[in-house]
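Visitor: Structure provided below as structure tokens; questions to follow.
Here, each number is a calculation from the coordinates, and none is a lab measurement. In this text the structure is predicted, and so the values were computed from the model without any measurement. Cβ coordinates were reconstructed from backbone atoms using ideal geometry, including for glycine residues, and neighbour counts include every protein chain displayed.
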Amino acid sequence: MAEVVASEKENKNISRLMGRWIKPEVYPLLAAMTFVTSMCVFQLTRNLLANPDVRINKARRSTAVLENREEGERYAEHSLRKFLRTRPPEIMPTINHFFSEDK
């Protein structure tokens, strides 16, 4: 019984502390920071696992000069870059079209 009361008291203290720091006005900032942090983690993981210049194991580290042109091209020409190459270089084409047409 005493453990349940202590646990409830601890939960109330945590919720009071979090309520003091995390307010609804902070949610957009948390969302933006979470998105940016996840992008950074994705890019770091991608570089660590797929970049041909990053060598983790000893066998690949012993090579001073790498002859891996195909692997480097595969890394640089990823699917997102191939997709964007076929698209027009506009960020918001509807808005660009709206403001650029003659009236």
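Visitor: Report the gain in length on full extension from Lys12 to Asn57: 0.36 nm times residue separation, minus Cα-Cα distance, nm rounded to one decimal.
Guide: 11.3 nm
Visitor: With a Förster radius of 41 Å, plug the Cβ-Cβ distance of Glu101 and Ala31 into 1/(1 + (r/R0)^6) and report the FRET value to the nearest 0.05.
Guide: Efficiency, from the Cβ-Cβ distance: 0.75.
Visitor: Let me ask something else about it. Using the Cα atoms as the points, what is the convex hull volume per residue of region 51-103 in Å³?
Guide: Enclosed volume per residue, from the Cα hull, is 110 Å³.
Visitor: I've got another one for you. Could you give the length gained on full extension between Tyr75 and Glu90, defined as 0.36 nm per residue of separation minus the Cα-Cα distance, in nm?
Guide: That pair, Tyr75 and Glu90, stretches by 2.9 nm at full extension.
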